[in-house]
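Reviewing the structure listed below.
The values are calculated or read from the model by the stated rules, or taken from the named source; none is laboratory data. Just so we're clear, the structure is a prediction, and the values are computed from it rather than from any experiment. Cβ placement follows ideal geometry from the backbone for every residue including glycine, while neighbour counts extend to all protein chains displayed.
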Amino acid sequence: MSEVPGRVTVIGESLVDLIWRPGAEHVVPVPGGSPANVAVGLHRLGRAATLVTVWGDDPPGELVRAHLEAIGVDVRRVAADAGRTTLAVAYLDGAGSATYDFLTAWDPRELPVPEDTAVLHTGSLATVVEPGASRVVKLCRELHGTAGMTVVTDLNVRPAVQPDREAYREACLRLAGVADVVKASDDDLDWLFPALKPAEAARVLLAEGPRLVVVTLGAEGALAVTSAEEVRVPAPRTEVADTIGAGDTFQAALLDAIAAHGVPHDPAELAAVLTRCTTAAAINCTRVGADPPTLAELTAALG
């Protein structure tokens, strides 16, 4: 597959999801991690992408390595101190929605960024689990505002790794202050700002400095908020296998659009980007686990 110029560098965790379905007697190990899933999604869309991540020299780490190598993702595995791979237990309900618990390790000693990077993306555990989280935020602060660089983050809130709501909220606001684009789900925002509606919570994040806040609304579609606009699009109707990786697939499509055309700002641009992202996420939801579409599949679905 030939890659489209405009590299996206993704910084964050690779892990193994232990998927536990209702009534199952055994869990199923599946390689994943939000940043790793995003990098896979970008690769399948033909976008030049590099994943900067860590994993351990252990059986879960070998599963991650083999998975990323088989797909062909460009990976910079950096040195870390813990020497083990993060594990996530994904408990699925009858509708295919997942809740998570984690055994985490995120302590990269360095965070190299390729010189041709146009978009830097991070989020999820990488921006909450220390000591790596402080290093990631520091890097975003250094690169934010650099000519030719767009910093994007997905909050992807996981209370299991930081149950202190106020501390988590402060971490997300700090991250929003060093980003050009912030993405969150309505569930993320409901947990961070329980008294606010999604659009209101998005404006709290927007006040920290990003140009655009995007909110995924599950089956209701997605919302984009800028200082001047609020744009909503519906989600395609689809038969859901499970929702694992849907948000990451959405994010990959969003990053691909930003790398190609810059941060969207007018209503028509925002609606077109959101439609593409929700369509990509819907395709992922028809499959088991994180399995984002190829560019050909997404183009066909969009007609």
Taking first residues from the stretch 173-193 that are over 15 Å from SER97 (Cβ atoms) and second residues anywhere that are surrounded by fewer than 21 Cβ atoms within 10 Å (Cβ to Cβ) and among the acidic types (Asp, Glu), the pairs with Cβ under 6 Å that are 6 or more apart or on different chains are LEU173/GLU208; ALA176/GLU208; GLY177/GLU208
Any hit, the stretch 192-201, residues being under 21 Å from THR275 (Cβ atoms), of a type in the set (Phe, Trp, Tyr), buried (at least 16 other Cβ atoms within 10 Å of the Cβ) and at pLDDT 95 or above | no
Test result for VAL113, of a type in the set (Val, Ile, Thr), out of contact with any Phe, Trp or Tyr (no Cβ under 6 Å at 6 or more places or on another chain) and assigned to a strand (DSSP E or B) | no
Considering residues of the stretch 8-40 that are in a loop (DSSP other than H, G, I, E, B) and among the aliphatic types (A, V, I, L, M) only, the residue farthest from THR153 (Cα to Cα) | ALA24
Restricting the stretch 165-184 to residues that are aliphatic (A, V, I, L, M) and part of a helix (DSSP H, G or I), which is farthest from ALA118 (Cα to Cα)?
-> ALA167
Identify the residue in the stretch 153-175 that is surrounded by 22 or more Cβ atoms within 10 Å (Cβ to Cβ) and of a type outside the set (D, E, K, R) and, among all such residues, is nearest to ILE244 (Cα to Cα).
-> ASN156
Looking only at the stretch 234-258, which residues are outside any helix (DSSP H, G or I) and not acidic (Asp, Glu)?
-> PRO234, ALA235, PRO236, ARG237, THR238, VAL240, ALA241, THR243, ILE244, GLY245
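A quick yes/no check of all residues on (1) without any contact (Cβ under 8 Å) to a residue 60 or more places away in the chain; (2) under 26 Å from ALA171 (Cα atoms):
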{"position": "LEU212", "(1), (2)": "yes, yes"}
{"position": "ALA224", "(1), (2)": "yes, yes"}
{"position": "SER227", "(1), (2)": "yes, yes"}
{"position": "ALA260", "(1), (2)": "no, no"}
{"position": "VAL263", "(1), (2)": "no, yes"}
{"position": "ASP266", "(1), (2)": "yes, no"}
Test each condition in (1) farther than 16 Å from THR299 by Cβ; (2) under 20 Å from the mean Cα position of the chain (by Cα) for ILE283 and report the one that comes out false.
-> (1)
Just one of the numbered conditions (1) among the small types (Gly, Ala, Ser); (2) crowded, with 22+ Cβ neighbours inside 10 Å; (3) in a strand (DSSP E or B) is not true of ALA48; which one?
-> (2)
Condition broken by ALA296, with the remaining ones in (1) free of Cβ contacts under 8 Å to residues at least 60 places away in the same chain; (2) assigned to a loop (DSSP other than H, G, I, E, B); (3) more than 17 Å from the chain's Cα centre (by Cα) satisfied | (2)
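Within the stretch 240-258, can you find the residues that are free of Cβ contacts under 8 Å to residues at least 60 places away in the same chain and crowded, with 24+ Cβ neighbours inside 10 Å?
So in the stretch 240-258, the residues free of Cβ contacts under 8 Å to residues at least 60 places away in the same chain come out as 246, 257.
Within the stretch 240-258, just ALA246 meets the criteria.
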Starting from the stretch 60-71, take each residue that is more than 18 Å from VAL28 (Cβ to Cβ) and part of a helix (DSSP H, G or I) and list its partners that are among the β-branched types (Val, Ile, Thr) and modelled with pLDDT of 95 or more, counting only C-beta distances under 7 angstrom and pairs at least six apart or across chains.
-> LEU68/VAL75; ILE71/VAL40
The one condition in (1) touching a strand residue (DSSP E or B) at 6+ places or on another chain (Cβ under 8 Å); (2) part of a helix (DSSP H, G or I) that ALA282 fails to fulfil | (1)
Subset of the stretch 200-227 [in contact with a strand residue (DSSP E or B) (Cβ under 7 Å, 6 or more places away or on another chain) and of a type in the set (A, V, I, L, M)] = ALA202, LEU205, LEU206, LEU212, VAL213, VAL214, VAL215, LEU217, ALA222, LEU223, ALA224, VAL225
Would you check if there is a residue in the stretch 24-33 being over 20 Å from ALA126 (Cα atoms) and touching a residue at least 40 places away in the same chain (Cβ under 8 Å)?
-> yes
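Looking only at residues that are of a type in the set (S, T, N, Q) and not in a loop (DSSP other than H, G, I, E, B) in the stretch 72-108, which one is nearest to ASP188 (Cα to Cα)? Steps first, please.
Applying the first criterion (of a type in the set (S, T, N, Q)) to the stretch 72-108 yields 85-86, 97, 99, 104.
Remaining after also requiring not in a loop (DSSP other than H, G, I, E, B): 86, 99.
Details: THR86: 21, THR99: 12 Å.
So, considering only residues that are of a type in the set (S, T, N, Q) and not in a loop (DSSP other than H, G, I, E, B), the one nearest to ASP188 (Cα to Cα) is THR99.
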